[in-house]
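To start, the structure under review is shown below, and the notes come after it.
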Amino acid sequence: MEAESSAYKGSPSKMVDPTDDLTSVTVQPLDNTTMGETSSLGHMPRERFNAGKFIKSFGSKDAWLGDYDYLSLFIPNIPGFTRRELPFYGIHDRLPYLLVLILGIQHSLAMVGGLVVPPLLLGGVAGANLGTEVQSYLVSACLIWCAVGTVFQITRMKIRGTKYYFGTGLISVTGTSFAFANVALKYLQQSYENGTCPTDSSGVKLPCPDEFGAILGTSALTGILAIGMAFIPPRLIRKIFPPLVTGTMLMFIGAALVTSGVTNWAGGSAACATDHTVKCTAGRHEEYWGSAKFLGLGFSCFSVIILCEVFGSAFMKSASVFLGLVTGMIIAAATGYFDSQTIKNAPGGTFLFVHTFKLSLRGQLVLPMLASWCVIIAESIGNITASADASRVDITDERFMTRVQGGMLTDAISATLAGLMTVPPLTTFAQNSAVIALTRNASLQSGYMCAFILLIMGVVGKFGAIFAACPPSVIGGFTTFLFGSVTVSGIRVLAYCKWTRRDRFVATAAVALGMSSLCVPNWFSFIFTYEGTNKGLSGLIQAVELIVEESYLIAALVGAFLNAVLPSEIPEASVTPLEEKEKWNAPGSLADGNRQDTQRPEDLEAAAHGH
């Protein structure tokens, strides 16, 4: 244990990737210079678990606090103040208990804003209109199941007798999938239009739990495809869904959801959104859709997110979306736009299956959902890679490929079971890789704490009710930013393309049709004129319309097909040297002043050593 202890008290940023066996860690000794530089960062050596020592440690100041510089997490980004560099914790580093709690809260706050959005949309007026009580339950159920999925991802296990793994062994936090939310919202819209979901005599949507149950049932059944894809080598999946295809899909997923965000921001998706002679109700107030008061509420969320990024500490930056939401909630509650009755009526505690839905299969949902499962698998590869890179795990060796395979399998199983647990499918979120980078902490202990906090949030019924009671304009304000970030993540993935003439042609064809469906949603609705009683044919027609009119699905279909049939091309030669391109494309910021170097210290160090 002596060698192990000395290594972990040295610079953890130089640690090698631990082996996949969780019962042992291979550590290489570090040079004396490195050990001398960071000998008092508060790291604790990893030991075999001892229940007696663990219980006694709760009375130890060192076990609770260590000598970590906690203030550095909360120092705001104010010009003229020097920001202190945080130490880096590897995936198997032990942390002081207080730091575990702080970082667990930080990881949970970074994702909870995005996690609650799909159940709010699907259970709200824009979806199946299930009422605030069921909407609150859906939020709580999603929090609980996402906590379970997170534990599965973090706990890496080898499947006995095989070469396959379960879990990533990284901080891979799961949340509800926006890809499925898009398909479900479009299907529910069709269902209200064709009479499958009921409306009253004036056209107002009534609750449609049966079709919501059909969405859950179809997603669980079609999830078998994702489980099978998890056993395909990740490199092959990357060839089928390269950055050119996955980036386009993510870009359109975010762009399509921005529509829902802005609609809520202006006042909601009720009848007032289409009939502007009717006022929207929020708390005890009634205002017209698009009124300055609704827009102001949403802007309070949006502006706080920006302020947190500009002036916030590392903690505030990673929790900016949640802080923006909380700010909007406080303003709404103080001005009477909050539905306090929903919180009063909510139970103190809840759990899965408090509300259930009749599960069924809809043929018209099969093809769109199979495409959504492909998105989840392709998306999980990128998110796991980002988490591994931020955790300083070697992403070039075969062990990393087993992490990706384990993450894909865990995502597929937990997302498939989600339908049986009354919640929409899950996927690994990308936000937490940003938290790892900001806080320089990749320790799995903080990941387990995050899962525990999500579980507590879900079990406490009042917590889910807070989101259901929130006025639509507040939800719209922060979700518009959130959906914008999804769009940007797709653009970022597209940046990895080589942009040969072939790539530009594939992207042009996919984006052209995707934009067509985004800008004119019903352009394909009138091509079929069948009005017979054949339910199978009607379902097939509805499935085709759903695929074509869902921007990311038609873009993905066209992009994947053309990428498969068109041969690769050698990148075109450029007359501009690579260094000049990098300078032009990365000019820095006016906030940098006269600084010429904006690279990370570890990047500069690697460059100096020729890595």
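The values are calculated or read from the model by the stated rules, or taken from the named source; none is laboratory data. Values in this document were obtained by computation on a predicted structure and should not be read as measured data. So basically every Cβ, Gly included, is an ideal-geometry build from the backbone, and we count neighbours across all protein chains shown. Note: areas computed on protein heavy atoms with side chains; ligands, DNA, RNA excluded. Shrake-Rupley method; radii C 1.70, N 1.55, O 1.52, S 1.80 Å.
For Thr422, the solvent-accessible surface with a 1.4 Å probe is about 10 Å², rounded to the nearest 10.
Modelled spin-label separation between Lys61 and Ile570, with each label point placed 7 Å from Cα along the Cα-to-Cβ direction: 6.9 nm.
If a spin label sat at a point 7 angstrom from the Cα of Met401 along the line to its beta carbon, the backbone N atoms of region 228-260 nearer than 20 Å would be those of 228-243. Rounded to the nearest 0.05, the FRET efficiency derived from the C-beta distance between Lys279 and Asn345 at R0 = 30 Å is 0.80.
Region 163-227 and region 438-513 have their alpha-carbon centroids 18 Å apart. Give, as ranges by residue number, the residues of region 179-216 whose backbone N falls under 15 Å from the point 7 Å along Cα→Cβ of Lys358. So the set is 196-198, 207-216. Summarising the label geometry, the points placed 7 Å from Cα in the beta-carbon direction at Ile224 and Ser303 lie 5.4 nm from one another. In this rough spin-label picture, where each label sits 7 Å from Cα along the Cβ direction, the Asn522-Asn77 distance is 4.4 nm.
Taking the Cβ of Phe180 as the center, what net charge do the other residues with Cβ under 12 Å away carry, scoring Lys and Arg +1 and Asp and Glu -1? Could the numbers behind the result be given before it?
Numbers: positive: Lys186; negative: Glu379, Glu550.
Its environment carries a net charge of -1.
Taking all protein chains together, Cys519, Cys374, Cys208 sort by accessible area into Cys519, Cys374, Cys208, largest first [probe 1.4 Å]. The length gained by stretching the chain between Phe311 and Asp394 to full extension, at 0.36 nm per residue less their Cα-Cα distance, is 26.6 nm.
Calculated FRET efficiency, Lys535 to Asp200, Cβ-Cβ distance, R0 = 22 Å: about 0.30 to the nearest 0.05. Roll a 1.4 Å probe over the protein heavy atoms and report the accessible area of Lys462 in Å², nearest 10. Number for this one is 70 Å². Exposure check, 1.4 Å probe, all protein chains in place: Glu379 carries approximately 50 Å² of accessible surface. Rounded to whole numbers, the Karplus 3J(HN,Hα) couplings from phi for region 491-502 are 5, 5, 5, 4, 5, 7, 5, 7, 6, 6, 4, 4 Hz, using 6.51 cos²θ - 1.76 cosθ + 1.60 with θ = phi - 60°, and x at Gly and Pro.
Full extension of the chain between Leu101 and Lys53 yields a length gain of 15.3 nm, computed as 0.36 nm times the residue separation minus the alpha carbon distance. Converting phi to 3J(HN,Hα) with the Karplus coefficients 6.51, -1.76 and 1.60 and the offset θ = phi - 60°, region 524-533 yields 9, 6, 10, 6, 9, 10, 5, 10, x, 9 Hz in sequence order, with x at every glycine or proline. Solvent-accessible area per residue in region 97-487 equals 34 Å², computed with a 1.4 angstrom probe and all protein chains kept. Volume per residue of the convex hull around the Cα atoms, evaluated for region 97-487, comes out as 136 Å³. Using the Cβ of Thr427 as centre and a radius below 15 Å, the other residues enclosed give a net charge of -2, where K and R count +1 and D and E count -1. Here region 158-298 exposes an accessible surface that is 61 percent carbon and sulfur, computed with a 1.4 Å probe and the other protein chains kept in place.
Couplings for region 113-129, taken from phi via the Karplus curve 6.51 cos²θ - 1.76 cosθ + 1.60 with θ = phi - 60°, read x, x, 5, 7, 5, x, x, 5, 5, 5, x, x, 5, 6, x, 8, 6 Hz in order; Gly and Pro are left as x. Under the rule of at least 5 residues apart or a separate chain, name every residue whose amide H is placed under 5 Å from the amide H of Ala282. Counting only residues 5 or more places away or on other chains, the set is Glu287. Taking amide H as placed 1.01 Å from N in the peptide plane, Tyr165 has its amide H under 5 Å from the amide H of Ile159, Gly406, each at least 5 places away in sequence or on another chain. Of the residues Ile215, Ile55, the one with the largest accessible area comes first in the ranking Ile55, Ile215, computed with a 1.4 Å probe on protein heavy atoms. For the set Val173, Val321, solvent exposure ranked by accessible area (probe 1.4 Å, protein chains only) runs largest to smallest as Val321, Val173.
Determine the share of region 411-535's accessible area contributed by carbon and sulfur atoms, expressed in whole percent, with a 1.4 angstrom probe.
On region 411-535, the fraction of accessible area on carbon and sulfur atoms equals 71 percent.
All other residues whose Cβ lies under 13 angstrom from that of Thr218 are scored, Lys and Arg at +1 and Asp and Glu at -1, for a net of 0. Annotation: amide H of Asn441 within the under-5 Å range of Tyr89, sequence separation 5 or more or interchain, hydrogens built in the peptide plane.
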